[in-house]
1. Using Cα-Cα distances under 8 Å and only pairs 6 or more residues apart, what relative contact order does the range B:310-433 have, in percent?
2. Can you check how the C-alpha radius of gyration of the range B:310-433 compares to 2.2 N^0.38 Å, as a plain ratio?
3. What average number of partner chain Cβ atoms lie no more than 10 Å from the Cβ of the residues making up B:431-437?
4. Equivalent-ellipsoid semi-axes (√(5λ), Cα gyration tensor) for the range B:260-383, whole Å, largest first?
5. How much length is gained if the chain between residue B:284 and residue B:378 is pulled fully straight, taking 0.36 nm per residue apart and subtracting their Cα-Cα distance, in nm to one decimal?
6. If you plug each phi of the range A:60-68 into the Karplus form 6.51 cos²θ - 1.76 cosθ + 1.60 with θ = phi - 60°, what whole-Hz ³J(HN,Hα) values come out, in order, with x for Gly and Pro?
7. For the pair residue B:437/residue B:361, report the inter-label distance in nm, with labels modelled 7 Å from Cα in the Cβ direction.
8. Shielding by partners for A:152-160, please: the mean number of other protein chain Cβ atoms within 10 Å of each residue's Cβ.
Amino acid sequence: MSEPTEANESVEPTGGSAAERHVRVVLVDDHRMFRTGVQAEIGRTEQTGVEVVGEAADVDQAVTVITATRPEVVLLDVHLPGGGGVEVLRRCAPLMADAEQSVRFLALSVSDAAEDVIGVIRGGARGYVTKTITGTDLVDSVFRVQDGDAVFSPRLAGFVLDAFASTDAPPVDEDLDRLTQREREVLRLIARGYAYKEIAKQLFISVKTVESHVSAVLRKLQLSNRHELTRWATARRLV
Amino acid sequence: MPRWAGRVNIDGMPEAAAAPLAEPRPPRKLYRSSDGRWLGGVARGLAGHLGLPVIWVRLVFVGLFMADGLGALLYAAFWFFVPLGLGGVDAQRPPPFTTETASDGRRRLVARKPDKGQIVALLLMVVVAMVFVGSVDLGNGAKAYLLPAVLVGAGVALVWRQADNARRARWMEAGRRRRTLSLLRAAGGVVLVTAGVSGIFVLQGSAAHLGSVLQAALAVLVGITLLAGPYLVRMTQDLSEERLMRIRAQERAEVAAHVHDSVLHTLTLIQRNAENAGEVRRLARAQERDLRTWLYKPEGTGKDEADEPANLADAVRRNAAEVEDKHGVPIEVVVVGDCPLDERIAAQMQAAREAMVNAAKYGGEGGAVQVYAEVEGKTVFVSVRDRGPGFDLDSIPADRMGVRESIIGRMERNGGTARLRAVPDGGTEVELEMERAEKTS
């Protein structure tokens with residue numbers, strides 16, 4: 001994971017002034033090796049600003065640890081013993097809804113299966129990144145989620161485009177079930193591997209606007225016509 | 001096919017024990033032959049299993065039949081207990097079912113050769129039965145029961161053949177016979193049995209009691225069905241459940257085999273090449289990709305992928321995988337939508353591959369190459385993006401044909417467009433756009 005060739009020019013959230021930013025994180029993953037790896041990569045608090053306050057290996061543990069430590073961000077594996085990431089999200093729903101100190105989830109998975117990914121997103125996760133992500137990008141994503149922003153990997157963007165493209169049937173809620181032209185464009189650029197900054201430059205909009213588009217897509221994904229999406233996911237599995 | 005493994009094991013038979021064990025193939029099992037059979041396929045099946053000419057086995061059966069009908073009993077026992085299968089087929093004989101599938105009603109008389117065999121067998125049986133009846137010296141009363149008994153036997157045989165046909169139709173597409181025919185056959189069997197049974201009863205009483213006897217027979221039948229029904233149902237359920245478990249176990253074994261074969265080997269290779277970071281990364285990527293296709297693509301198990309891809313998504317992934325392996329640069333692929341390949345899209349795929357090669361060669365230092373393909377209506381869009389030092393088409397000498405010919409030229413010749421542009425923060429992006437050919441819509 002610790003590659004010498006860091007992926008790109010992506011924002012170094014650490015810089016020298018990392019101390020100002022601080023985020024408390026819980027790691028949920030059933031592979032201890034992986035937890036150790038992530039811990040080693042992002043857990044150097046004084047450099048990255050990330051403090052790992054708890055770890056859990058299954059659903060029950062996760063719920064206990066999250067309730068006890070009340071982190072700002074949970075890095076959540078999709079495949080977990082005891083019901084998977086979706087179950088953790090379901091049982092932590094009250095914590096997510098808490099207006100005062102809301103816990104936010106970032107799905108972290110090796111899975112390529114669309115229904116796994118869409119499943120956790122619909123369950124309330126604020127984003128999805130693959131485990132091949134570099135440490136710097138992961139730290140960046142964690143901070144973005146802490147800010148309440150959505151984090152889409154290119155692959156997730158692809159899944160979402162696919163999901164919304166194939167819902168041909170008239171949506172129940174017109175406003176909700178349809179992506180605007182702009183949102184589609186933003187998603188496409190994410191899928192093509194552009195960073196937010198680059199998307200902003202490309203579309204002549206501000207990074208803030210890009211963020212709000214992405215958040216809107218996430219909201220639509222979480223709230224839109226459940227049946228259509230489920231059907232899509234099921235059909236995809238069979239294809 | 002799991003059903004072969006789950007068959008009643010009859011390998012304990014002496015014939016099976018005598019079978020040659022020189023080759024390490026699975027132990028041969030005794031099946032009744034479904035091809036070219038005269039009656040139940042027992043003789044053929046046995047002949048195939050023992051490696052003897054069919055006619056010998058048949059003669060032995062006929063000979064045994066003379067000995068107080070022992071042959072018939074034996075034959076019936078085999079018919080009952082041995083499952084119908086493909087075993088015991090003589091290689092030199094052309095499979096008769098080919099003629100059967102070609103039948104369209106009119107040609108059936110010509111095509112149905114096995115039926116001729118059946119007629120011969122039937123005649124033979126009648127003759128043998130005559131001899132048998134003539135030779136057996138029974139009491140006067142007992143002899144009267146012979147005809148009903150033969151009727152019952154014939155009816156049972158008919159119904160069992162019917163069951164065989166149903167079973168055969170399940171694993172062979174040859175079961176195209178008319179439904180009415182099979183229904184008629186089953187009905188004929190039932191009528192024969194009923195006639196025989198009631199004949200026995202009628203012989204005991206007088207013809208006047210026929211009605212009540214039939215009623216009694218019916219009542220007994222219904223009673224038996226009611227008694228045995230639940231057990232039968234439960235047995236079938238148990239059987240199907242067991243089969244399901246077996247299928248699962250088989251799947252698990254397959255996963256284990258795959259993991260063992262490819263993953264462990266790759267891990268070994270990685271340990272051997274631990275100092276060579278590039279090689280390790282290449283091996284790991286290739287293995288990851290392989291495992292992913294294997295896990296998340298239920299139908300394409302990744303084993304038989306030698307044939308050409310038929311649709312866009314497969315083609316893009318295949319190209320990316322090949323370039324990745326060759327140049328050791330990770331390529332991330334995102335595909336939205338899918339469509340079948342036509343000539344234009346195939347040309348676009350070649351251009352995209354060229355772009356991937358360029359990106360991997362010249363822009364691979366900056367990190368993973370990103371490939372995005374999308375089908376929207378009739379338009380297919382592919383973008384290949386690297387994070388390398390960038391690239392200026394105008395600065396390339398005019399005699400260097402790489403990009404101009406194999407990407408831009410190729411796209412334009414096929415009616416598409418190609419755009420190369422520098423990404424604001426470094427790197428190059430190639431955008432390829434192509435309309436799908438008309439006929440595919």
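1. That works out to 25 percent.
2. The reported ratio for this selection is 0.98.
3. 0
4. Value: 27, 19, 11 Å, ordered largest first.
5. 30.2 nm
6. Rounded to whole hertz, the list is 4, 4, 4, 4, 4, 4, 5, 5, 6.
7. Here the answer is 2.9 nm between the modelled labels.
8. Across A:152-160, the average partner-chain Cβ count within 10 Å equals 3.
Taken together, the values in this text are just the output of simple stated rules run on the coordinates, not laboratory data. Since this is a predicted model, take the numbers as computed values, not measurements. Positions of Cβ are backbone-derived with ideal geometry, glycine not excepted, and every protein chain shown enters the neighbour counts.
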